[in-house]
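See below for the structure under consideration.
The values are calculated or read from the model by the stated rules, or taken from the named source; none is laboratory data. Keep in mind it's a predicted model, so treat the numbers as computed, not measured. Counting neighbours? That spans all protein chains shown, and the Cβs are built from the backbone with ideal geometry, glycine included. For accessibility, only protein heavy atoms count, side chains too; no ligands or nucleic acids. Shrake-Rupley method; radii C 1.70, N 1.55, O 1.52, S 1.80 Å.
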Amino acid sequence: QAKSQGRDTFRLYHPSMGKPTQDRLILENDLRNALKNDEFVLYFQPQVDIRSGQLLGAETLIRWQHPQQGLKLPGAFLPLALESGLIIEIDQWVLRQACAQIARWQAAGYDKLRLSVNVSGQLFAQEGVAALISDIVRQSGIPTGALEIELTENTLMQNNAQTISTLTDLKQLGTNIAIDDFGTGYSSLSYLKNFPIDTLKIDRSFIRDLENAPGDIAITRTIIALGENLGLTTICEGIETHQQKDLLVDLGCYIGQGYLFARPENLEAFSLRLAQQKNRNRVGPAVSENQN
Ligand code: C2E
Ligand code: MG
Ligand code: MG
Ligand code: MG
């Protein structure tokens, strides 16, 4: 499966598959139009305290509301966005929208909510990317700590010297940095001590069969210990069953996301969730503390 090779090695097709080039050109053209016509939308997947279910934040996940074909998942269009380089514009669009959304939530009193955004290796490799992100964040007026940037190991390993300086700039700005799909990329662990990183996101592939795979338990336990020893937050991706959740709590991982808690939701559904949570005084100040 394409995704299993990681975000930056997505392949829509291989020449040997004989897929007509014309299809690609049409899709690429559609993607350009989608940007122009604002057809992309943000979905939000809750990140929760897995013991209490308390909502802590969300991961931003892009969707394409295609005028004819309906809602498309990233797997259907990010491969070509990566191949064509359009991902650089798409990621910037997502960052702007995400920061604007954080600003609206801040204004509504959800000031503890954190939003994470996936940034591709291509955007991350751009010269001046830290300044670009910094501009977007500053223009939105949000507290910089409300934004987390998700990067894969492969992205971080692209170019060591530049990576360190970009991460340092982002840290200085105050944004959080997460390593996405941790454990699946090509990297040496030594980078963890050199890079200013806040969060490890344990890849879903280790969780999927956690109950039945001693190897996955061993790896997960080790990543959790690694995070703990380095003073990092560890988040688990793809928790689908109570058994997985209970096991993760036993292993000492307390933050996670997955279908067990919630699927990625559109703004309307996520806003409803926020409002319900606010009434329970969990995210942000309760209404009574905030207003008279
Ligand atoms: P990711 O960043 O690792 O995001 C997690 C993916 O796992 C999401 O798929 C999410 O819907 C899915 N997921 C969450 N919980 C579960 C679960 O319990 N079970 C299962 N089976 N899946 C779960 P999605 O939304 O299709 O996104 C796929 C990938 O596309 C993302 O993986 C990320 O690499 C990329 N992506 C998404 N949005 C963006 C974006 O705005 N920019 C960039 N550059 N990449 C993005
Ligand atoms: Mg992610
Ligand atoms: Mg991930
Ligand atoms: Mg993943």
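With the cut-off at 1.5 for a/c, could you classify the stretch 204-288 from its C-alpha gyration tensor as rounded, prolate or oblate? Prolate, because a/c is 1.5 or more and a/b exceeds b/c.
Note on the chain: GNM, Cα springs under 10 Å; of 208, 280, 63, the largest mean-square fluctuation is that of 280.
Each of 120, 79, 102 was scored by the projection of its Cα onto the charge dipole of the stretch 61-169, and the greatest displacement toward the positive side belongs to 102; charges sit on the C-beta of Lys, Arg, Asp and Glu. Here each label is just a point 7 Å from Cα along the line to Cβ, and for residue 259 and residue 213 those points are 1.6 nm apart. Highest GNM mean-square fluctuation among 94, 249, 137, for the chain modelled with Cα contacts below 10 Å: 249. Annotation: the antiparallel percentage among DSSP beta bridges lying fully within the chain is about 40. Overall form of the stretch 9-151: prolate. Here a/c, set by the Cα gyration tensor axes a ≥ b ≥ c, is 1.5 or more, and a/b is the larger of a/b and b/c. On a per residue basis, the chain carries 48 Å² of accessible surface, using protein heavy atoms and a 1.4 Å probe.
Report the residue, chosen from 165, 52, 134, that carries the largest GNM mean-square fluctuation when the chain is represented by alpha-carbon nodes joined by springs under 10 Å. Of 165, 52, 134, the most mobile in the Gaussian network model is 52. Ligands, DNA and RNA left out, the accessible area of the stretch 131-278 computed with a 1.4 Å probe is 49% carbon and sulfur. Per the Debye formula on identical point scatterers at the alpha carbon atoms of the chain, with no solvent, log10 I(q)/I(0) at q = 0.12, 0.16 Å⁻¹ is -0.81, -1.44.
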